[in-house]
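Read-outs throughout are calculated quantities, based only on the coordinates presented, and are distinct from any laboratory measurement. Keep in mind it's a predicted model, so treat the numbers as computed, not measured. Heads up, the Cβs are rebuilt from the backbone with ideal geometry, glycines too, and the neighbour counts pull from every protein chain shown.
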Amino acid sequence: MSKTHPYLATDGAVARIVLDRPERHNALEAEDLATFRAHLASVEADQSIRVLVVTGRGAETFCSGASLDQIESGEMSGQIFETLTEDLASARMPTICALNGSAYGGGTEIALCCDFRIGVVGSRMSVPAARLGICYPATGLRRYLDALGPAVTRRVMLAAEQLDAEEMLTSGFLDRLVSAEELGATTDELALHLAGLAPLAVQAMKRILRALSLGALDEEETKALVIRCDASEDLTEGLRARREGRTADFRGR
């Protein structure tokens, strides 16, 4: 395990990137973004990794976003932060954000870049961009629209409203809401479930869904992904396992 912020840990097919600066509400500086992206590249290159979990340490805040001090000094910008969110959103494997506490600013966008989001009772989310004079780029705003819809997005982005945990769940920001004590077990259960599914099919469908969301579907690439899955050993194994009444042992080939 590395000692950086954030740090990377792996356990079998599951990798975890952990924000580890709770005394500063897990805020991210420019150097932290570079470390985060390096961890993502490492996970991306390791074909044995089937699921990525992004979480934070501490009982209060998952992530407060980009360092406001560095935004003021010019060391941090929306463009710099966007390099991280684009890398995370385009990760090949399914991603889970386990929000150990509240999320603010860029922390909410990091969560939205993940495929699944689990939050804890008592947490909150807000984006203070309008209070600070920051305009989010179109890629970031699209993530809020996709997850929350136009009405809630306007409340969060234009009016800088805060959502409580129940509103985070009902709005679509969270997929599940659990107690702080249940977060670890719930996340592990979902991660292990995802890791046990056919990786070629999961990753292909994730790629196609992202292209559809962006309005950038490549028909030939999509056809190739479908054909690859149809011709895979995984499909043969999946059908055989169903017939034999056992759990499939997918190898990603």
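Here are the numbers for this structure:
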| item | result |
| --- | --- |
| Calculated SAXS-style log₁₀ I(q)/I(0) at q = 0.16, 0.23, 0.28 Å⁻¹ - segment 120-182, Debye, Cα scatterers | -0.52, -0.94, -1.20 |
| Paramagnetic label zone (point 7 Å from Cα along Cα-to-C-beta, residue 175; backbone N under 16 Å) in segment 148-167 | 148 |
| At least 15 Å along the helix axis (C-alpha) and Kyte average at least 0.0, DSSP helices within the chain | 30-45, 78-89, 138-153, 183-195, 199-214 |
| R0 of 25 Å, Cβ-Cβ distance residue 23-residue 86: FRET efficiency to nearest 0.05 | 0.30 |
| For segment 25-96, with +1 on Lys and Arg beta carbons and -1 on Asp and Glu, the positive-most of 48, 80, 63 along the dipole | 48 |
| The chain - mean residue ellipticity at 222 nm from DSSP helices (-39,500 (n - 2.57) per run, n ≥ 4, rounded to 500) | -14500 deg cm²/dmol |
| Unit Cα scatterers, Debye sum, segment 199-244: log10 I(q)/I(0) for q = 0.13, 0.18, 0.28 Å⁻¹ | -0.34, -0.57, -0.96 |
| Antiparallel %, DSSP beta bridges [both residues in the chain], to 5 | 25 percent |
| Disulfide-incompatible cysteines by the Cβ rule (no partner under 4.7 Å) in the chain | 63, 113, 135, 229 |
| For the chain, size of Cβ-based charge dipole, Lys and Arg +1, Asp and Glu -1, in debye | 500 debye |
| Cα-Cα pairs of segment 131-253 separated by more than 27 Å (percent) | 45 percent |
| GNM top mover of 74, 119, 101 - the chain, alpha-carbon springs below 10 Å | 74 |
| Ellipsoid semi-axes in whole angstrom, largest first, where each is sqrt(5λ) of the Cα gyration tensor of the chain | 32, 20, 18 |
| Residues 152, 53 arranged by fewest to most Cβ contacts within 10 Å | 152, 53 |
| Spin-label model distance (nm) - residue 34 vs residue 230, 7 Å beyond Cα toward Cβ | 4.7 nm |
| Net lengthening on full extension, residue 145/residue 68 (0.36 nm per residue, minus Cα-Cα) | 25.3 nm |
| Cα-projected label distance for residue 130 with residue 211, points at 7 Å along beta-carbon direction, nm | 3.7 nm |
| About the Cα centre, charge dipole magnitude for segment 117-175 (Lys/Arg +1, Asp/Glu -1 at Cβ), debye | 260 debye |
| Burial ordering of 39, 5, fewest other beta-carbon atoms within 10 Å first | 5, 39 |
| For segment 1-66: Kirkwood Rh in Å [reciprocal of mean 1/r, alpha carbons] | 12.0 Å |
| Gaussian network model of the chain, Cα within-10 Å springs - most flexible of 214, 40, 19 | 214 |
| Cα-projected label distance for residue 188 with residue 222, points at 7 Å along beta-carbon direction, nm | 3.9 nm |
| Tail fraction, Cα-Cα pairs, segment 26-109, threshold 14 Å, whole percent | 65 percent |
